[in-house]
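Peer 1: Below is the structure I would like to discuss, written out as structure tokens.
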Amino acid sequence: MCGIVGYIGRREAYPILIKGLHRLEYRGYDSAGVALINADGKLNVYKAKGKVADLEHAVESKDVSGTIGIAHTRWATHGEPNQVNAHPHYSESEELAIIHNGIIENYAVLKEGLIQHGYTFKSATDTEVLVQLIEYIKHTDKVDLQTAVQLALNQVVGAYAIAVLDRSNPDIIVAARKGSPLVVGIGDGEYFLASDATPIVEFTDKVVYVGEEEIVCLERGKELTLKTIGNVVKTPVVKKLELTLSQLEKGGYPHFMLKEIFEQPTTLATSMRGRVNVEQNNITLAGFIDNKEKFLKAKRIIITACGTSWHAGLIGMYAIEEFARIPVEVEYSSEFRYRKPVIDQDDVVIAISQSGETADTLAAVELAKSHGAFIFGICNVVGASIPRAAHSGCYTHVGPEIGVASTKAFTAQVTVLTMLALMIGRERGTLSEERYLQIVAELGKIPDKIGEILKQNDRIAEFAKTFTYAQNFIYLGRGYNYPVAMEGALKLKEISYIHAEGYPAAEMKHGPIALISQEMPVVVIAPQCGTYEKVVSNIQEIKARKGRIISVVTEGDEIVRHMSDYAITIPQTEECLAPLLAVVPLQLLAYHIAVVKGCDVDQPRNLAKSVTVE
Ligand code: F6R
């Protein structure tokens, strides 16, 4: 939540900062702001409610000159989204300006102390408290900015990625992180700073990922310096960025979400590349092989995640229990971390996160680690906090996911979990070689099969128009497709604002059936699999109550097709792989309904891509 950008060098900072904010807008988009020090040493701060475009509009006639600056796009936590609460925040004397991503939990106590010292506050934010504290320390202790930031952060409880400008020293940006991501780009006589590498990629491929509780100093004409909040000096580790500019553009699609749905044949092939060898019928996951013993001796596997990643985790549970015969528990990270769970040294904890920054999942990882469990991360963003905190893991490698609603990350997470389940099962001898080989061969065909499903996009777009009236949807599925039903419902509610529930199909008659009428669209995931006949019976129950049925069926299934108002076909596949196919039409359905309703598909209201607050 919240995106931060900074620049110091020879160029004009403003265009770089604004472009960076656009790239980071997926992280929050209720208000935005920029602070720049101009050639006369004046520290200008401009802010606007709304999106980055509103900020650009607001500064049209303003002085946005300067070769040093910081900028922010916000997802409100403390204080409503308005201009006053937007970042950057000035300190009392307007000598300092700060941007912040995270939450200062003890801000009320700190604020009280500062008020007693005569400080006044304009906003309702925790961030303004921090900048006032830094200024107070800088003035009373007569220290430089870096020391003042360090001393202030020693008093702070909470999470942050911050960047601070000081009018009295226009050659330095001081930044720090704890719990929220921060990366520095190293150019030729210039530095870039951002929440992730996307604003940096076109300027340099040399980056330093700022570590937990580290403070970094970006000083004009000087080497980058790094130290911890505890004052231990560290050497910055420069890494090469594996990210291309074309991955960050829409490539002719009207929305990132549609682009990302259509990318899935390619992204899944990339996820499997070097891991699934169809010719040799083999799977290799280095993160598993290097830690095989941990998985083989595990008495239990705990999967922890949030949202869409949690749905992927449920599918992982079905696969691991079926193939590896190890009991699996799937936990919402937010519940797991607070419910005093029993965690054993022999447990393997799999943490799934696209962003790798989700605060609750990171906290769940730290908790499990502190109990001695082995942590395996399945993440997309390379170098993010969760993969760094994990003992081992596997990246999904789908490239940046920019649409706030997760699509290609989900299918890749399911793919990685399936590979993992197959590998554990094979090693444990709980999965026959014949079944292993059959599923591996089929896994290799999944990208092309998704390509086939995508050909139905126009037809889905057409019939989606008939459902924009709906206030509620039910999604039903069984077995491996029950989590798919939940994922389909989540996609619809987050981007179209239509209420939707995903249910195990057989549970319908224990309550939700009361909702069925001709006003109620019911999406049934009914591919040919073990529970097919039972799902057909569920469809009959819905038909008898005049519910409108959209079904996802296996090609050639005339029975369910005839019972449905609209049927979308998916190619025949293994039952455990059906979620990878069945979810695609549901992504498209949600997308098209949202587009017809005129919703902001890529940046739905109240949401943010990276949930770095709990
Ligand atoms: C839904 C969605 C969210 C995320 C959740 C976890 O489309 O994107 O539900 O799945 O916030 O995020 P990560 O996977 O980054 O931990």
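Peer 1: What's the extension gain from Q280 to K543 if we count 0.36 nm per residue and subtract their Cα-Cα distance?
Peer 2: Roughly 90.0 nm would be gained on extension.
Peer 1: Using only helices, what value at 222 nm comes out for the chain when you add -39,500 (n - 2.57) per DSSP H run of length 4 or more and divide by the total residues, to the nearest 500 deg cm²/dmol?
Peer 2: That comes out to -11000 deg cm²/dmol.
Peer 1: Take V342 and K534, extend 7 Å from each Cα along the Cα→Cβ direction, and tell me the distance between the two endpoints in nm.
Peer 2: Placing both labels 7 Å beyond Cα along the Cβ direction yields 2.8 nm.
Peer 1: Kyte-Doolittle mean at least 0.5 and Cα extent at least 24 Å along the axis: which DSSP H helices of the chain qualify?
Peer 2: Going by DSSP H runs, the hits are 408-428, 578-596.
Peer 1: Here is a further query. What distance in nm separates the simple spin-label points at K122 and N231, each placed 7 Å from Cα in the Cβ direction?
Peer 2: About 3.4 nm separates the two model spin labels.
Peer 1: Can you pull out the GluC sites (Glu not before Pro) in region 226-294 that DSSP calls coil and that have at most 15 other Cβ atoms within 10 Å? Kindly include the intermediate steps, with their values, before the conclusion.
Peer 2: Details: sites: E242, E249, E260, E263, E279, E293; in loops: E242, E249, E263, E279.
In loop regions of region 226-294 (DSSP not H, G, I, E or B), the sparsely surrounded GluC sites (Glu not before Pro) are E242, E249, E279.
Peer 1: Sort 91-101, 564-574 for me by packing, meaning the mean count of neighbouring Cβ atoms within 10 Å per residue, highest on top.
Peer 2: The peptides rank, most packed first, as 91-101, 564-574.
Peer 1: Let a ≥ b ≥ c be the square roots of the eigenvalues of the Cα gyration tensor of the chain; is it rounded (a/c under 1.5), or, if not, prolate (a/b larger than b/c) or oblate?
Peer 2: It is prolate, given that a/c is not under 1.5 and a/b is the larger ratio.
Peer 1: What does the charge dipole of region 102-142 about its Cα centre add up to, to the nearest 20 debye, if the Cβ of each Lys and Arg holds +1 and the Cβ of each Asp and Glu holds -1?
Peer 2: Numbers: 4 positive and 6 negative charges, 32 e Å.
The dipole of region 102-142 has a size of about 160 debye.
Peer 1: Which whole-angstrom value gives the distance between the alpha carbon centres of region 562-614 and region 423-443?
Peer 2: For region 562-614 versus region 423-443, the Cα centre distance is 29 Å.
Peer 1: Where nothing but the Cβ of Lys and Arg (+1) and of Asp and Glu (-1) is charged, how large is the charge dipole of the chain around its Cα centre, in debye to the nearest 20?
Peer 2: 440 debye
Peer 1: In debye, nearest 20, what is the charge dipole magnitude of region 565-614 about its Cα centre with +1 on Lys and Arg Cβ and -1 on Asp and Glu Cβ, if you could check? Intermediate values should be presented prior to the final figure.
Peer 2: Details: 3 positive and 6 negative charges, 49 e Å.
The calculation lands at about 240 debye.
Peer 1: Round to a whole number: what % of the accessible area of region 212-306 belongs to carbon and sulfur, probe 1.4 Å?
Peer 2: For region 212-306, the apolar C and S fraction of the accessible surface comes to 52 percent.
Peer 1: Round to a whole number: what % of the accessible area of region 501-614 belongs to carbon and sulfur, probe 1.4 Å? Before the final figure, lay out the partial values.
Peer 2: Working: 2130 of 4410 Å².
Taking all protein chains in place, region 501-614 shows 48 percent carbon and sulfur surface.
Peer 1: Right, next: How high is the relative contact order of the chain? Use alpha-carbon pairs under 8 Å, at least six apart in sequence, and give a whole percent.
Peer 2: 11 percent
Peer 1: Arranged from highest to lowest average of other beta-carbon atoms within 10 Å per residue, in what order do the peptides 364-375, 67-78, 161-172 appear? Provide the component values of the computation, followed by the final result.
Peer 2: Numbers: 364-375: 19.8, 67-78: 25.5, 161-172: 22.7.
So the peptides 364-375, 67-78, 161-172, ranked by packing, come out 67-78, 161-172, 364-375.
Peer 1: Only sites in a loop by DSSP and with at most 10 other Cβ atoms within 10 Å count here; which trypsin sites (Lys or Arg not before Pro) in region 235-286 make the cut?
Peer 2: R273
Peer 1: For the charge dipole of region 520-614, defined by +1 on Lys and Arg C-beta atoms and -1 on Asp and Glu C-beta atoms about the Cα centroid, which residue among C599, I550, H562 has the Cα displaced farthest towards the positive pole?
Peer 2: C599
Peer 1: Any idea which of V584, I350, N169 is furthest toward the positive side of the dipole for the chain, if Lys and Arg beta-carbons carry +1 and Asp and Glu beta-carbons -1?
Peer 2: Checking the options against the dipole of the chain, the answer is V584.
Peer 1: Before I look further, what does the chain give for accessible area per residue, probe 1.4 Å, in whole square angstrom?
Peer 2: Roughly 37 Å² per residue, with all protein chains present.
Peer 1: Then there's this: Under 14 Å from the Cβ of P571, count the other residues' Cβ atoms, weight Lys and Arg +1, Asp and Glu -1, and hand me the total.
Peer 2: It works out to a net charge of -4.
Peer 1: Given a Förster distance of 56 Å, report the FRET efficiency between I559 and T140 from their Cβ-Cβ distance, rounded to the nearest 0.05.
Peer 2: FRET efficiency, I559 to T140: 0.10.
Peer 1: Restricting attention to region 1-83, which GluC sites (Glu not before Pro) occupy a DSSP loop and are surrounded by at most 14 other Cβ atoms within 10 Å?
Peer 2: When the GluC sites (Glu not before Pro) of region 1-83 are filtered for loop state and at most 14 Cβ neighbours within 10 Å, E60 remain.
Peer 1: Roughly how many nanometres apart are two label points built 7 Å out from the Cα toward the Cβ at K239 and S61?
Peer 2: 4.6 nm
Peer 1: While we're here: With r defined as the distance between the Cβ atoms of E433 and K455 and R0 fixed at 25 Å, what FRET efficiency is calculated, to the nearest 0.05? Could you put the intermediate results ahead of the total?
Peer 2: Working: r = 35 Å, r/R0 = 1.40.
Efficiency for this residue pair is about 0.10.
Peer 1: Let me ask something else about it. Of K19/K206; K62/K240; K340/K408; K206/K234; K292/K340; K47/K239, which sit over 26 Å apart, Cα to Cα? The partial results should precede the final answer.
Peer 2: Working: K19/K206 19 Å; K62/K240 37 Å; K340/K408 33 Å; K206/K234 18 Å; K292/K340 28 Å; K47/K239 33 Å.
Correct reply: K62/K240; K340/K408; K292/K340; K47/K239.
Peer 1: Still on this structure: Please work out how much length the chain gains when fully extended from E329 to E519, using 0.36 nm per residue of separation minus the C-alpha to C-alpha distance, in nm with one decimal.
Peer 2: Contour length minus Cα-Cα distance gives 64.7 nm.
Peer 1: In straight Cα distance, which aspartates and glutamates are under 16 Å from K227, not counting same-chain residues fewer than 8 positions off?
Peer 2: Filter leaves D144, E212, E213, E214, E219.
Peer 1: Order of 491-500, 46-55 by packing, highest average Cβ count within 10 Å first? Let's see the in-between values first.
Peer 2: Working: 491-500: 22.7, 46-55: 20.1.
Most protected by this proxy first, the peptides run 491-500, 46-55.
Peer 1: Report for the chain the percent antiparallel among DSSP-assigned beta bridges with both residues inside it, nearest 5.
Peer 2: Details: 63 of 104 bridges.
Counting only bridges with both partners in the chain, antiparallel ones make up about 60 percent.
Peer 1: Taking every DSSP beta bridge with both residues inside region 263-371, roughly what % is antiparallel (nearest 5)?
Peer 2: Approximately 15 percent, going by the DSSP bridge assignments.
The values are calculated or read from the model by the stated rules, or taken from the named source; none is laboratory data. Every value quoted in this text rests on a predicted model; they were computed, and no experiment measured them. All Cβ positions, even for glycine, are placed from backbone atoms using ideal geometry, and neighbour counts span all protein chains on display. The accessibility values were calculated without ligands, DNA or RNA, using every heavy atom of the protein model including side chains. Shrake-Rupley method; radii C 1.70, N 1.55, O 1.52, S 1.80 Å.
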